[in-house]
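Let me begin by presenting the structure, written as structure tokens, before commenting on it.
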There are 4 protein chains.
Amino acid sequence: MSKDFETQHRLGPQRNPAIDDAVLDATRQLLEEKGYAGTSIDAIATRAGVGRPAIYRRWPSKAHIVNDAIYPVLDVEQGADIDTELGTEGTIADQIRALVQGAVALFAAPATRAAAPGLMSEVRTNSELREVLVVRQLAGVRVELNRRLEAARERGDIRSGVDADALLDIMAGAAIFAMSVRDVSDPGPFADSLADIVLNGILPNT
Amino acid sequence: MSKDFETQHRLGPQRNPAIDDAVLDATRQLLEEKGYAGTSIDAIATRAGVGRPAIYRRWPSKAHIVNDAIYPVLDVEQGADIDTELGTEGTIADQIRALVQGAVALFAAPATRAAAPGLMSEVRTNSELREVLVVRQLAGVRVELNRRLEAARERGDIRSGVDADALLDIMAGAAIFAMSVRDVSDPGPFADSLADIVLNGILPNT
Amino acid sequence: MSKDFETQHRLGPQRNPAIDDAVLDATRQLLEEKGYAGTSIDAIATRAGVGRPAIYRRWPSKAHIVNDAIYPVLDVEQGADIDTELGTEGTIADQIRALVQGAVALFAAPATRAAAPGLMSEVRTNSELREVLVVRQLAGVRVELNRRLEAARERGDIRSGVDADALLDIMAGAAIFAMSVRDVSDPGPFADSLADIVLNGILPNT
Amino acid sequence: MSKDFETQHRLGPQRNPAIDDAVLDATRQLLEEKGYAGTSIDAIATRAGVGRPAIYRRWPSKAHIVNDAIYPVLDVEQGADIDTELGTEGTIADQIRALVQGAVALFAAPATRAAAPGLMSEVRTNSELREVLVVRQLAGVRVELNRRLEAARERGDIRSGVDADALLDIMAGAAIFAMSVRDVSDPGPFADSLADIVLNGILPNT
DNA sequence: TCTTAAACGAGACGGTACGTCTGGTCTTGAA
DNA sequence: TTCAAGACCAGACGTACCGTCTCGTTTAAGA
């Protein structure tokens with residue numbers, strides 16, 4: 001129960017950044033152990049050795065905590081991060097392959113398997129969460145993916161008529177479904193199979 | 001508050017099937033209005049004009065009610081239904097197109113948009129629900145799809161190396177993601193885009 | 001679970017008197033084992049091997065069943081029984097002594113220890129029960145006791161000014177309190193102590 | 001529905017003592033209006049304008065609430081209170097008279113009439129309640145009464161052979177029976193009649 | 001012998017209360 | 001101003017009884 005931040009403990013009027021980490025760590029542990037519904041804010045606070053108000057001071061709801069706990073930040077508003085994330089080098093095929101690998105790896109972590117469907121569910125009723133998750137995080141990726149596909153299409157690297165939104169739905173949706181519902185144990189082969197269908201689906205028919 | 005089944009109301013030691021319908025109807029309404037988390041069993045009972053114990057007598061958890069409320073039964077244990085459901089006629093391309101249309105239509109209903117991610121989340125911790133939803137319902141479809149793809153591959157109608165499980169993950173996952181997260185308003189064009197990518201992904205490259 | 005009345009079992013349009021006995025027996029057992037609050041009608045029906053409607057056909061409430069189960073009938077409307085019950089022979093001292101012995105013996109049975117306070121509680125809100133228990137059973141005893149004391153007072157056998165109602169409250173109340181609350185293990189000595197105080201309390205000084 | 005304690009309302013980590021009072025007041029009201037069985041914890045919480053958990057934080061069962069609501073505390077562990085309560089001055093006759101008056105007054109309050117038999121009933125199955133009510137509260141009185149009678153007997157002020165326990169059973173039992181079952185409307189004359197019999201029962205026969 | 005009608009067990013029903021658990025807010029007192 | 005601790009309301013959870021009612025069967029008594 002004794003945490004290292006309990007020794008130097010209170011910083012006065014500044015927030016203690018160690019608390020953020022302790023909370024996110026505890027959240028990941030609990031997601032893995034008890035699942036999304038079983039991860040209560042009470043349990044997070046107890047596991048992190050932190051009071052509940054310290055949590056509510058930082059995040060407005062459980063979904064926001066979970067979102068921060070399982071997804072990399074990348075909402076830095078600059079294109080640089082997204083570019084790096086999406087793999088800016090190589091052919092469009094390489095880029096898509098990298099994207100699929102990235103998506104599968106993202107949703108394959110145990111905590112994420114437990115959390116992703118829960119967040120999908122809450123995003124429908126919690127508009128504050130929707131703003132953060134769908135608008136700020138997902139929309140950026142959509143725009144960037146659209147830009148890339150557009151460019152590739154102009155170069156003739158992909159078929160015309162490929163819907164970028166549907167493509168993103170496939171990559172994210174299939175990865176989440178495989179990891180969280182089918183509970184695929186080895187993500188590698190699945191990522192290959194997924195990339196195989198997706199690439200054949202968008203590249204020109206020779 | 002008076003329901004039509006209240007007039008003749010009690011059938012003695014047999015359960016009143018009108019209550020099943022009233023509960024499932026109320027569940028669909030509440031899912032649409034309040035979302036998955038906001039749909040409490042109390043609210044369902046009140047809306048259906050039914051006591052809470054009558055619900056617990058029929059379903060062991062909220063997830064089971066929701067499952068019955070939004071998914072067609074088709075667990076008839078005979079292949080016949082699944083065959084019909086999956087579209088047994090025409091070329092493999094026609095069959096896949098029908099499958100994609102069916103999946104999108106299934107997840108496009110407002111109640112289902114609200115419920116599907118919630119069920120995906122609970123299926124991970126509720127093993128009783130997993131039995132019903134993943135093993136009994138999904139597994140049948142997986143087996144049948146696998147059989148069809150195998151046959152088509154032998155006829156050379158699709159590429160070899162296409163993973164049937166990944167294909168099902170794509171169809172279900174993409175449809176759920178598009179409907180529940182992206183909240184696509186018109187399912188028709190999305191289904192076409194999805195079918196376009198999927199078909200090109202599995203058919204031979206000319 | 002097989003009762004002897006289950007062999008020949010149903011008598012047609014007449015009630016099966018064996019059910020009355022089975023229910024009252026089960027009630028006494030459950031009172032002793034689980035106490036008054038823990039004795040549910042469900043449990044009585046199950047223990048007696050009887051359906052709930054068969055019970056409700058005979059008694060309007062749990063309190064009525066318990067009343068029948070623990071108290072001797074004596075509501076025969078004829079003074080004869082009460083006379084016998086109250087001990088009509090001997091001096092007034094002998095009669096009072098017999099009364100005290102009877103009261104203590106009545107409330108000393110294990111089932112009665114558990115039930116008496118519960119009935120006292122329900123009699124305040126259940127007016128139907130009040131009618132049966134207080135008016136029909138107790139009032140008769142009050143009247144008869146009053147008559148005896150009046151006669152004894154005229155003969156100079158007891159002090160004047162002794163309140164018959166208070167005397168009955170003492171005998172019943174003290175016996176119930178000793179048995180149900182103090183949980184006296186041996187009723188004999190207690191009955192003697194009680195009789196000692198009561199007799200000295202009403203007989204003339206010297 | 002707005003209570004005075006709602007203005008300043010929450011005291012932080014300390015419990016709000018105003019809630020204790022509000023709950024006990026509501027309990028007394030409900031006992032008077034609906035009787036013991038009709039006084040649900042739900043109803044108490046609603047009437048007191050308080051959440052149910054706030055009640056369960058303070059008392060382990062309905063019986064404990066009722067006990068606190070109707071009986072004065074006097075479990076101060078020092079003899080002083082009990083001495084005062086039992087009336088330490090005057091002859092033994094005066095003391096007994098005071099005791100009888102006190103007992104009758106205690107059980108004459110409307111809420112107490114409704115509650116006392118219910119508590120007597122629950123004390124038999126709820127051992128936690130028995131500890132509080134019988135051991136901590138009643139036993140102290142029994143010991144003190146025994147001491148007084150012993151002293152009086154040595155002085156020759158009462159007959160030898162008077163059982164202190166039976167005497168207490170008489171005073172408490174008769175008062176409860178008269179108030180809760182017979183429902184005596186005017187406690188004064190009853191207390192006089194009871195004291196008359198009791199005093200004659202224990203004083204020497206001149 | 002056949003019919004009628006009541007009693008029976010089994011158990012579903014709406015309703016109410018139980019005691020527990022969360023979520024999100026607020027307050028205290030120390031640092 | 002932050003922190004931990006924790007009290008607070010609101011309300012959902014799943015369970016247990018209550019008293020009523022209906023079912024389908026059994027059985028005694030009357031036709």
Residue hits (the range C:125-141; more than 9 Å from every other protein chain (Cβ to nearest Cβ) and under 16 Å from C:GLY173 (Cα atoms)) are C:GLN137, C:ALA139, C:VAL141
Residue check, D:LEU145 against (1) in contact (Cβ under 8 Å) with a residue 24 or more places away in the chain; (2) crowded, with 23+ Cβ neighbours inside 10 Å, all met but one. Which one?
(2)
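Could you tell me how many of the residues in the range D:47-57 are loosely packed, with under 15 Cβ neighbours inside 10 Å and more than 8 Å from DNA strand E (Cβ to nearest atom)?
Looking only at that region, the number is 1.
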How many residues of the range A:176-206 are more than 7 Å from chain B (Cβ to nearest Cβ) and part of a helix (DSSP H, G or I)? The answer is 8
Looking at the range B:152-175, which of its residues are in contact (Cβ under 8 Å) with a residue 24 or more places away in the chain and assigned to a helix (DSSP H, G or I)?
B:ALA152, B:LEU167, B:LEU168, B:ILE170, B:MET171, B:ALA172, B:ALA175
Just to check your reading of the model, which residue among B:ALA178, B:ALA174, B:ALA152, B:ALA103 is over 18 Å from the mean Cα position of the chain (by Cα) and crowded, with 16+ Cβ neighbours inside 10 Å?
B:ALA152
Which of the following residues is modelled with pLDDT of 90 or more, within 15 Å of DNA strand F (Cβ to nearest atom), outside the structural domain of B:ASN146 (by TED's automatic domain parsing) and in contact with a His (Cβ under 9 Å, 6 or more places away or on another chain): B:ARG58, B:ARG52?
B:ARG58
Do we find a residue being touching a residue at least 12 places away in the same chain (Cβ under 8 Å), touching a Gly at 6+ places or on another chain (Cβ under 8 Å) and more than 16 Å from C:GLY201 (Cα to Cα) anywhere in the range C:103-114?
yes
Result of the Cβ filter at 6 Å on the range A:28-41, keeping first residues that are away from DNA strand F (no atom under 15 Å from the Cβ) and of a type in the set (A, V, I, L, M, F, W, C) and partners that are modelled with pLDDT of 95 or more and in a helix (DSSP H, G or I), at least 6 apart or interchain, is A:LEU31/A:ALA111; A:LEU31/A:ALA114; A:LEU31/A:ALA115
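Kindly indicate whether any position in the range A:117-124 is buried (at least 17 other Cβ atoms within 10 Å of the Cβ), outside any helix (DSSP H, G or I), within 9 Å of another protein chain (Cβ to nearest Cβ) and over 18 Å from the mean Cα position of the chain (by Cα).
First, the residues of the range A:117-124 that are buried (at least 17 other Cβ atoms within 10 Å of the Cβ): A:117-124.
Right, trim to outside any helix (DSSP H, G or I) and you get A:123-124.
When the remaining residues are screened for being within 9 Å of another protein chain (Cβ to nearest Cβ), the result is A:123-124.
Next, from what is left, pick out any that are over 18 Å from the mean Cα position of the chain (by Cα): none.
No: the range A:117-124 contains no residue that is buried (at least 17 other Cβ atoms within 10 Å of the Cβ), outside any helix (DSSP H, G or I), within 9 Å of another protein chain (Cβ to nearest Cβ) and over 18 Å from the mean Cα position of the chain (by Cα).
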Could you say which residue among C:THR46, C:THR91, C:THR39 is touching an Asp or Glu at 6+ places or on another chain (Cβ under 8 Å) and either modelled with pLDDT under 90 or over 18 Å from C:LEU138 (Cβ atoms) (or both)?
C:THR91
Being more than 12 Å from DNA strand F (Cβ to nearest atom) and in a helix (DSSP H, G or I) is the filter; apply it to the range B:61-72 and report the residue that is surrounded by the fewest Cβ atoms within 10 Å (Cβ to Cβ).
B:ASP68
When the range A:21-71 is checked residue by residue, the ones that are within 14 Å of A:ALA111 (Cβ to Cβ) and among the β-branched types (Val, Ile, Thr) are A:VAL23, A:THR27, A:THR39, A:ILE44, A:ILE65, A:VAL66, A:ILE70
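The values are calculated or read from the model by the stated rules, or taken from the named source; none is laboratory data. Note that the structure is a prediction, hence the values are computed from the model and not measured. Backbone-built Cβ (ideal geometry, glycine too); neighbour counts: all protein chains shown.
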